[in-house]
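Let me begin by presenting the structure, written as structure tokens, before commenting on it.
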Amino acid sequence: MRISKSLILLLVIALSASLALPAFAQDGGATFKAKCAGCHGPEGQGKVGPALKGTSLTADQIADLLTKGDDAKKAPHKKAFSSLSADDAKAVAAFVKNLK
């Protein structure tokens, strides 16, 4: 009886975690559209800023660029986005890596 309760609890936790993943990606998409699409295009096709579809950057590199900045890049990416949390940056990076 104890094993079956533990198994049910584990199953509920696993299902809850899997249901949370699409919301994570959706938040990244909403943040991208609000903060990035003006320069990179709504589908990452490029506009004033470069295209992001099919970028060779890893998700970690994208998140680092957003949270730390890079002096070698043009504004606004020289400096970190102060209004973007590390979790938001990871969500945006995941969204960008899924652009096709």
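Which residue, of ALA14, ALA20, ALA75, is assigned to a loop (DSSP other than H, G, I, E, B), over 11 Å from the mean Cα position of the chain (by Cα), modelled with pLDDT under 85 and among the small types (Gly, Ala, Ser)?
The conditions single out ALA75.
Somewhere in region 47-65, is a residue charged (D, E, K, R), in a helix (DSSP H, G or I) and modelled with pLDDT under 85?
no
What tally of residues in region 25-67 results from selecting those that are within 11 Å of LYS90 (Cα to Cα), out of contact with any helix residue (DSSP H, G or I) (no Cβ under 6 Å at 6 or more places or on another chain) and among the charged types (D, E, K, R)?
2
The values are calculated or read from the model by the stated rules, or taken from the named source; none is laboratory data. Just so you know, these numbers come straight off a predicted model, no measurement behind them. Ideal geometry is used to build each Cβ from the backbone, glycine not excepted, and the neighbour counts take in all protein chains shown.
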